[in-house]
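The values are calculated or read from the model by the stated rules, or taken from the named source; none is laboratory data. Source: prediction; values computed, not measured. As a convention, Cβ positions derive from the backbone with ideal geometry for all residues, glycine included, and neighbour counts pool all protein chains shown. Areas reflect the complete protein model, heavy atoms only, side chains present, ligands, DNA and RNA absent. Shrake-Rupley method; radii C 1.70, N 1.55, O 1.52, S 1.80 Å.
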Amino acid sequence: MEYNHREIEAYWQKYWDENGTFTVSNKSERPKYYVLDMFPYPSGAGLHVGHPLGYIASDIYSRYKRLKGFNVLHPMGYDAFGLPAEQYAIQTGQHPAVTTENNISRYRSQLKKIGFSYDWSRELRTCDPKYYKWTQWAFLQMYHHWYNNDTQKAEPIATLTAEFERNGNQKVNAAHSEVPVFPAEVWNGLSDGEKAEVIDAYRLAYRAKTMVNWCPKLGTVLANDEVKEGLSVRGGYPVVQKPMVQWLLRVSAYAERLLEGLDRIDWTDSLKEMQRNWIGRSEGCEMFFDIADSEVKMKIFTTRPDTVYGVTFMVLAPESEYVDQVTTAEYRDAVQQYRADAGKRTERERMSDTHSVTGQFTGAYAINPFTGSQIPIWISDYVLVGYGTGAIMAVPAHDSRDYAFAKKFDLPIIPLIEGADVSTESYDAKEGIMMNSGMFNGMNVLEAKQAAINEVEKLGIGNRKINYRLRDAIFSRQRYWGEPFPVYYKDGRVQTLDITKLPLELPEIDSFLPTEDGEPPLSRAANWKTPEGYPYETSTMPGFAGSSAYYLRYMDPDNNNALVSKESNEYWQDVDLYIGGTEHAVGHLIYSRFWNKFLFDLGVVCKDEPFKKLVNQGMIQGQSKFVYRIKGTNQYVSYGLKDDFDTQEIHVDVNIVKNDILDLEAFKQWRPEFADAQFVLEDGKYICGSAIEKMSKSMFNVVNPDTIVERYGADTLRLYEMFLGPIQQSKPWDTGGIEGVYRFLNKFWRLFFNANGDFEVSDAQPVEAELKALHKTIKKVESDIEIFSYNTSVSQFMVCVNELTSLKCNKRAILEPLVITLAPFAPHIAEELWKLLGHNESISDAEFPKVDERYTVDSTKTYPVAINGKTRFTLDLPANADKDEIEKEVRANDRFKQLIEGKSVIKVIIVPGKMVNFVVK
RNA sequence: GCGGGUGUGGCGUAAUUGGUAGCCGCGUUAGACUUAGGAUCUAAUGCCUCACGGCGUGGGGGUUCGAGUCCCUUCACCCGUACCA
């Protein structure tokens, strides 16, 4: 019987579905194991061969863990809210719910064809009201909580107001927005409206006017991680900075815990480092500078208080609130002009031009609290309004940016560190002995820094301060296709919906464009108000809202009373293995850790960190192919001859190129313009050029998994994607090599069939060589799976099958365990053979074979025999030979005798199992 | 600039973690069976050399009896990040 992957795979996929083979229960005697994939955004383009890479790796691990006796939770779902569906809706008028549904169906059928062992009964999607009920619920919880820095956790707002009533906010150590200090009497005298305003400054979900990333083309604000190099990640449109009132999540409150938690999880160093940089902790101090002839005290943040004697000017961000307070009448116009110019530049322009130094003097002077000297205050866009206080003390001698500014505007530069030459560039290193620094002279930089902070605190002009780069996440989008906020407005004040009223479902609207006056699409919904007539919030939540806690929902997907029940959460605990791409390093993976920590504070979840181990799969790139058209003709010249002509490079569909050779007929039929194409061939063939590029439609290099599955089968696809190289590495797809894996599966299949093509296995006792082939494979695969080295496992299977083929081994005692070992990788063929071997149960209920160590070691060991370190020949010796035996054998060897003839042995170095070296003279 | 990572045959990769570099696969070459081969099987395949032999893990240096692996130095590429005070 031939290996017919189409029949086999269709049969077993149906079998798994109908028998609920991979449906798991929240109760089991077996230990739990939770393997999660980053759920996909179901785009209109469908899956390409790159997408399943991580899914295959996690599926192998899940199936393996199951064979090892674990109760494995391995779910799949869809991150279904988001911009592309809505953009598509704007263009075509199709409702995003419809296109999303279609895309999900397509994804699901593509995934099923690859034979994943998902528990499909737990499938979820973020746009389902039953799901987003809990996204809205979590938002409300954040709204009703504040972050207590003393207890390092979120607490209900009621505990805060109780404290206000008793002691005001003087003793409250909270993460909060700007708010004045007040005693209890003041608090108790406030009106309800005034109180509400104060409380808003403490909520973990709050509304505030801040500088936001506004993308005019998308008509929405974006979070920092949704902007890259000044362009929107989705669509690549320019982004500008604009002050707007928005919902925010106080992610910054958790900065320290997000940082600290990294030490306790098993992620790659590079990913942890990315998160550390994103959080951007820096230690320093805040310091007030008096302004000459003014009441204003200017607060700055610095990490180098030790250099305060070298401050020769101050710089404000153009948008800083201090600018209006300090600018003198004489300079008002010039300052206004500078601000206007700076405001006009898009983020992109500002960033592409980081080297030109611009600035404007304000006419005002600050007083250096340590030297008493007056120093000019400038504004410049190299100081950012969003970091620190938006104002800096400039120390040109020891900061390269301040240095460039000082040089440009001819400001004084005072060196503060002995031996530092600042005539051509600043000395930024944080080491050396201080000078020109009054009381700090003679100290090294680190001592001086501490001394300076102490002095600042003693003088009462500032205090020690840790600053984070991590900002609060802007949480509203002026968009339709997202979770509605469960809030409405009464007399301009926020009112939250009662939890029993959730979910607040997305209403139908007739058009997905923003309204004429720039209001979000939800303003078009006629009845977007409470029964009492109060208007609901018209923004919706951003993409990361729905993806921040989905891993919890899988634990208990149908629960209508809680995000996840206590029992279910305590059983599944956390994600043991999370596989996904690095692109979520500072977005999703920060937000979900934040979200999870918040839920942990509430007691809803039992683990502080959601993802114990995380593996990043690399990307599978496309291998683009090119033809070369001689300019102005319809003639195409083969790659090797193209330099003889003036040619134009044209992308050609990779599916009509094999081993770089173009299928000429297919090319002519590909597009009408090529129908009459003429070719200049080399050796009778047309050779294409190639390049590694991102897999995308526009490069014609997309390989669809469906066509691979149809031609070679899912098992071949799975094995081949793993065989391509280490999963963590990015690598180009090359359909050429897949034949080798396909051949392997055919060879494997043939082991079970005799010359007539009938299934036949023998019950004869295996011989040592066969047992060795088997047990070496089990051992290798077992240890490879644990370290995600799947490519070497596949190689090992090939070696094993080659050996068994040449041994003509068809023994049950060898083949049966081998099928189980292969099952995680190639589940369909394994199931089929398992059935042929006479088993009625699915192979996924089998037990992973035990390694018999007797057969994993060789009885002889090949030693390199070296003379003076130079390997001369090799010698086979018993594997367990000791030093004396080895030396005796070597000395008795004829080749050895010949080589050392006339010389005397000075020293013998033997490492049993490894090497023999004779030092001779 | 800063942070992380990678350099091994024509290509994807492997190397018991300091012990015969190149496993497995692709590709290529030759042969067998074939009307045919884009099917299957067999063999060869790092480079130079008819051969003996020599050279080989980006370059240079070092430690070691022995280095792809450790140390120093240098070059190249990839990823992330960017005026964060």
Item checked: Residue list for segment A:309-326, restricted to those being open to solvent by 10 Å² or more (accessible area, probe 1.4 Å), farther than 29 Å from A:Gly442 by Cα and among the hydroxyl-bearing types (Ser, Thr, Tyr) -> A:Tyr322
Notebook entry, point to check: Among the residues of segment A:882-896, is there at least one that is open to solvent by 10 Å² or more (accessible area, probe 1.4 Å), β-branched (Val, Ile, Thr) and either free of Cβ contacts under 8 Å to residues at least 12 places away in the same chain or within 16 Å of RNA strand B (Cβ to nearest atom) (or both)?
Noted result: no
Check: Is at least one residue of segment A:230-242 within 11 Å of RNA strand B (Cβ to nearest atom), outside any strand (DSSP E or B) and either among the small types (Gly, Ala, Ser) or surrounded by fewer than 19 Cβ atoms within 10 Å (Cβ to Cβ) (or both)?
Finding: yes
Note to self: Here is a list: A:Arg203, A:Arg207. Which entry is of a type outside the set (Gly, Ala, Ser), open to solvent by 40 Å² or more (accessible area, probe 1.4 Å) and away from RNA strand B (no atom under 16 Å from the Cβ)?
What the structure shows: A:Arg207
Next item on the list: List every residue pair whose Cβ atoms lie under 7 Å apart, where the two residues are 6 or more positions apart in sequence or sit on different chains, the first residue falls within segment A:367-393 and is crowded, with 16+ Cβ neighbours inside 10 Å, and the second residue, located anywhere, is among the hydroxyl-bearing types (Ser, Thr, Tyr) and part of a loop (DSSP other than H, G, I, E, B).
Entry: A:Ile375/A:Thr312; A:Ser380/A:Thr358; A:Asp381/A:Thr358; A:Val385/A:Ser320; A:Gly390/A:Ser320; A:Ala391/A:Ser320
Check: A:Arg66 fails exactly one of the following numbered conditions: (1) over 30 Å from A:Arg711 (Cβ atoms); (2) in contact (Cβ under 8 Å) with a residue 24 or more places away in the chain; (3) open to solvent by 10 Å² or more (accessible area, probe 1.4 Å); (4) in a helix (DSSP H, G or I). What is the number of that condition?
Finding: (1)
Check: Given the residues A:Thr862, A:Thr871, which is the only one that is more than 30 Å from A:Gln765 (Cβ to Cβ), among the hydroxyl-bearing types (Ser, Thr, Tyr), within 13 Å of RNA strand B (Cβ to nearest atom) and open to solvent by 20 Å² or more (accessible area, probe 1.4 Å)?
Finding: A:Thr871
Next item on the list: Evaluate segment A:768-789: report whether one residue or more is more than 41 Å from the chain's Cα centre (by Cα), surrounded by fewer than 22 Cβ atoms within 10 Å (Cβ to Cβ) and free of Cβ contacts under 8 Å to residues at least 24 places away in the same chain.
Entry: no
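Would you mind listing the strands (runs of 3 or more DSSP E) fully within segment A:487-587 where at least 1 residues are open to solvent by less than 40 Å² (accessible area, probe 1.4 Å) and more than 25 Å from A:Gln141 (Cα to Cα)?
Result: A:575-580.
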Item checked: Wholly enclosed helices (runs of 4 or more DSSP H) of segment A:654-746 bearing at least 2 residues open to solvent by less than 50 Å² (accessible area, probe 1.4 Å) and in contact (Cβ under 8 Å) with a residue 24 or more places away in the chain -> A:705-712, A:714-723
Margin query: Looking at A:Pro396, A:Pro369, can you tell me which residue is touching a Phe, Trp or Tyr at 6+ places or on another chain (Cβ under 9 Å) and either more than 30 Å from A:His176 (Cα to Cα) or among the acidic types (Asp, Glu) (or both)?
Written below: A:Pro396
Margin query: I'd like the full set of residues that are open to solvent by 30 Å² or more (accessible area, probe 1.4 Å) and within 14 Å of RNA strand B (Cβ to nearest atom), limited to segment A:210-226.
Written below: A:Met211, A:Asn224, A:Asp225, A:Glu226
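Checking the structure you have, find out if any residue of segment A:316-329 is near RNA strand B (Cβ under 8 Å from one of its atoms), out of contact with any Asp or Glu (no Cβ under 6 Å at 6 or more places or on another chain) and within 21 Å of A:Lys430 (Cβ to Cβ).
No.
Just one of A:Asp128, A:Asp119, A:Asp150, A:Asp59 is open to solvent by 10 Å² or more (accessible area, probe 1.4 Å), within 27 Å of the chain's Cα centre (by Cα) and of a type outside the set (A, V, I, L, M); which is it?
Just one listed residue meets the conditions, A:Asp128.
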